[in-house]
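Working notes for the structure below.
The values are calculated or read from the model by the stated rules, or taken from the named source; none is laboratory data. As the structure is a prediction and not an experimental result, all values here were calculated from the model. Virtual Cβ from ideal backbone geometry, glycine too; neighbours counted across all protein chains shown. Accessible surface areas use protein heavy atoms only, side chains included; no ligands, DNA or RNA. Shrake-Rupley method; radii C 1.70, N 1.55, O 1.52, S 1.80 Å.
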Amino acid sequence: MKPVLRKGKLTRWKDDKGFGFIRSSDGTQDVFLHITALKQTNHRPTKITSQK
C-alpha cells in the first residue's frame with residue numbers, strides 16, 4: 001500500500017514531551033506526530049505535511 005501525503009496544520013505541541021497533533025486540511029481527523037518522525041530536527045515544527 002502506497003502512503004498518501006496529506007497537508008495539515010499543527011494544532012497542539014508539547015515541547016517537553018516531543019509530540020503533538022496535526023489536523024488534516026479536510027478536517028477528518030487529528031494525526032499523532034512524534035519528534036523522532038521528523039528528520040534532522042529537534043524543535044517544534046511550524047509548518048508540516050503528514051503521511052497516513
Those residues of region 27-39 that are open to solvent by 100 Å² or more (accessible area, probe 1.4 Å) and in contact (Cβ under 8 Å) with a residue 12 or more places away in the chain come to a total of 2
Those residues of region 1-26 that are part of a strand (DSSP E or B) and either among the β-branched types (Val, Ile, Thr) or open to solvent by less than 80 Å² (accessible area, probe 1.4 Å) (or both) come to a total of 10
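In region 26-45, what residues are at pLDDT below 80, of a type in the set (S, T, N, Q) and under 15 Å from Asp15 (Cβ atoms)? Step through it out loud before you land on a result.
First, pick out the residues of region 26-45 that are at pLDDT below 80: 37-45.
From what is left, the residues that are of a type in the set (S, T, N, Q) are 40-42.
Answer for region 26-45, where residues must be at pLDDT below 80, of a type in the set (S, T, N, Q) and under 15 Å from Asp15 (Cβ atoms): Thr41, Asn42.
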